[in-house]
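Here is the structure we will look at.
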Amino acid sequence: MNKYYDLFIIGGGINGAGIARDASGRGLSVYLAEKGKIGSATSSWSSKLIHGGLRYLENYNFKLVRESLKEREVIINIAPTITKTLPFIIPYTKKLRSKLLIRLGLFLYDNLGGKSNMPKSSKINLNKKYSKILNQKFSFGFQYYDVQVDDKKLVEMNIDDAKKLGATIIEDRKVINALRIDDGWKIILDNNEIIKSKILINAAGPWINEVVNNVIKINANKSIRLVKGSHIIINKLYEEEVAFTLQNDDNRIIFVIPYKKKYSLIGTTEVDVKTADNPSISIEEKIYLIKTINDHFVKQISIEDIVETYSGIRPLIEDYNETSKVTRDYVLDLNLQNKKSPLLNIYGGKLTTYRKLSEKVMEELNPYLPLKNTKNWTHSKIL
């Protein structure tokens with residue numbers, strides 16, 4: 001007789017992995033299917049940062065920044081082996097954001113998350129400290145702190161814990177059909193295996209609406225904008241263990257981050273695309289990132305200096321009520337049929353807030369679950 005699961009999760013990125021870990025730790029039976037390898041898509045194509053999102057303050061997204069800063073503290077504590085605190089330098093240029101705006105932003109960034117062990121931000125004399133790295137036109141700037149993470153490893157550690165807690169995790173297995181039945185779901189995999197589950201969670205990331213429309217065969221409630229972010233990797237631009245947050249003329253932010261001891265990681269871009277499949281960097285993106293570096297640093301680089309590139313797709317939720325406003329936050333879209341057979345579609349989300357998102361998923365689904373274990377636990381249990 002086939003086992004009947006409490007939760008079936010489509011997608012083994014950071015959100016799916018976090019939910020599988022959290023749910024398994026509450027005594028629920030979990031089945032997760034990933035069409036490729038665990039953490040091999042969007043979740044390993046990030047800038048590899050656990051951060052509050054300093055630039056989100058400009059859009060007055062204080063709630064998301066606050067939650068992200070609180071989660072930054074939690075993730076440092078539960079994943080100490082794969083996280084590292086780094087100083088970030090913002091070279092000041094008067095033609096872009098004002099000194100007052102940057103100081104106000106950094107004050108909020110220091111304090112919005114509540115009590116923190118992170119060093120506070122400060123003004124810094126760049127000519128004294130980084131004159132051999134940065135162009136002379138940048139005489140002063142600001143320093144703040146954020147956290148670097150091994151993003152793929154973070155996914156894998158959540159999956160490993162979920163397995164230890166009893167979850168079934170399957171890679172290279174695509175869901176081809178999902179049908180509502182009286183008290184749950186019948187899920188058909190591409191090897192014709194049939195799994196039955198009380199609840200279905202769609203955590204397919206940029207493929208979310210593809211799954212909604214073509215696999216579950218209902219109309220998607222939310223529109224998403226697929227945005228490609230590309231990074232280039234070059235041999236170390238400088239020796240110091242410090243990152244830079246560069247302000248571009250188009251108001252975008254580009255990070256330069258020490259990477260794997262020998263390299264510098266530079267990104268990211270923002271390009272709208274039609275599909276999430278097989279993203280790759282364009283020549284225009286390479287030129288854009290190289291120009292940003294050459295506008296700021298003493299050492300000049302060219303396309304020949306690029307050692308490696310990667311591109312990822314971010315699924316951003318579009319809210320047409322506010323002139324195509326796009327948020328970095330997440331939305332949990334619960335779909336029921338006659339108050340039965342719950343389907344939860346997870347739109348958006350960031351690496352930083354995956355654990356909190358998982359807790360909110362459990363809270364949202366609690367009325368439909370066989371266990372009433374509402375106690376949150378992942379904030380204190382080391383991965």
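Each value in this text was obtained by applying a stated rule to the coordinates, not by laboratory testing. Bear in mind the structure is a predicted one, so any value in this text is a computation, not a measurement. Ideal geometry is used to build each Cβ from the backbone, glycine not excepted, and the neighbour counts take in all protein chains shown.
Size descriptors for the range 216-365, from the alpha-carbon set: Rg then Dmax equal 19.2, 64 Å.
How long are the semi-axes of the equivalent ellipsoid of the range 63-213, defined as square roots of 5 times the Cα gyration tensor eigenvalues? Whole Å, largest first. Spell out each step's value before the answer.
Details: eigenvalues 423, 63, 51 Å².
Equivalent ellipsoid of the range 63-213: 46, 18, 16 Å, largest first.
For helix 151-164, report the angle its Cα long axis makes with the longest principal axis of the Cα atoms of the chain; keep it between 0 and 90° and round to the nearest 10°. Value to nearest ten degrees: 30.
Report, in degrees rounded to the nearest 10, the 0 to 90 angle that the Cα long axis of helix 99-111 makes with the longest principal axis of the chain. The angle comes out near 40 degrees.
When the inverse distances between all different Cα atoms of the range 43-150 are averaged and flipped, the Kirkwood radius reads 14.9 angstrom.
What is the fewest-to-most order of 379, 51 by other Cβ atoms lying within 10 Å of their Cβ? It would help to have the intermediate numbers written out before the result.
Working: 379 15, 51 26.
Taking fewest neighbouring Cβ atoms as first place, the list is 379, 51.
In the chain, the longest principal axis of the Cα atoms and the axis of helix 354-365 are about 30 degrees apart.
Full extension of the chain between residue 194 and residue 74 gives 39.4 nm of extra length, using 0.36 nm per residue less the Cα-Cα distance. Label positions at residue 62 and residue 136, each projected 7 Å from the Cα along the C-beta direction, are separated by 4.4 nm. Toward the positive end of the charge dipole of the range 244-383, about the Cα centre and with charges on Cβ (Lys, Arg +1; Asp, Glu -1), which of 296, 268, 283 goes farthest? Positive-end residue among those listed: 268.
Sort 360, 164 so that the residue with the fewest other Cβ atoms within 10 Å of its own Cβ comes first and the one with the most comes last.
Numbers: 360 15, 164 11.
Fewest to most other Cβ atoms nearby, the residues stand as 164, 360.
Approximating the spin labels as points 7 Å out from Cα along Cα→Cβ, the residue 261-to-residue 308 distance works out to 1.4 nm.
Full-extension gain between residue 179 and residue 103, please, as 0.36 nm times their residue separation minus the C-alpha to C-alpha distance.
On the way: separation 76, 0.36 × 76 = 27.36 nm, distance 5.33 nm.
Taking residue 179 through residue 103 to full extension adds about 22.0 nm, to one decimal.
Averaging Cα coordinates gives a centre for the range 121-198 and one for the range 348-379; these two points are 16 Å apart.
Taking 28 Å as the cut-off for C-alpha to C-alpha distance, list the pairs among 35/236; 153/381; 164/186; 48/381 that go past it. If you can, show how the numbers build up before the last one.
Numbers: 35/236 35 Å; 153/381 17 Å; 164/186 25 Å; 48/381 22 Å.
Where the Cα-Cα span goes over 28 Å, the pairs concerned are 35/236.
Rounded to the nearest 20 debye, what is the charge dipole size of the range 108-258 about its Cα centre when +1 sits on each Lys and Arg Cβ and -1 on each Asp and Glu Cβ?
Values: 23 positive and 19 negative charges, 83 e Å.
About 400 debye.
Dipole size of the chain about its Cα centre, with +1 on Lys/Arg Cβ and -1 on Asp/Glu Cβ: approximately 980 debye, rounded to the nearest 20. Positive end of the dipole of the chain (Cβ unit charges, origin at the Cα centre): among 56, 30, 85, the Cα lying farthest that way belongs to 85. Averaging Cα coordinates gives a centre for the range 216-249 and one for the range 1-43; these two points are 25 Å apart. Set against the 2.2 N^0.38 Å expectation for a compact globular protein, the chain has a Cα radius of gyration ratio of 1.03.
What is the distance, in nm, between label points placed 7 Å from the Cα along the Cα-to-Cβ direction at residue 336 and at residue 300? A separation of 6.5 nm, rounded to one decimal place. Counting charges near residue 268 (Lys, Arg +1; Asp, Glu -1) among other residues having Cβ under 12 Å from its Cβ returns a value of +3. Bridgeable aspartates and glutamates around residue 291 (alpha carbons under 14 Å apart, same-chain partners fewer than 8 residues away excluded): 249, 250, 304, 305.
Within the chain, what is the longest stretch that has no chymotrypsin sites (Phe, Trp or Tyr not before Pro) placed in a DSSP loop and near at most 14 other beta-carbon atoms within 10 Å?
Details: sites that count: 60, 320, 377.
For chymotrypsin sites (Phe, Trp or Tyr not before Pro) (loop position, at most 14 other Cβ atoms within 10 Å), the longest site-free span of the chain is 61-319.
Count charges around residue 34 for me, please; just the other residues with Cβ under 11 Å from its Cβ, Lys/Arg as +1, Asp/Glu as -1.
With Lys, Arg at +1 and Asp, Glu at -1, the neighbours total +2.
Relative to the Cα centre, the charge distribution of the range 1-40, modelled as +1 at Lys and Arg Cβ and -1 at Asp and Glu Cβ, gives a dipole magnitude of about 80 debye. Taking all Cα pairs closer than 8 Å and separated by 6 or more residues, the relative contact order of the chain comes to 24 percent. With 0.36 nm allotted per residue and the present C-alpha distance subtracted, the residue 153-residue 123 stretch has 7.4 nm of extension available.
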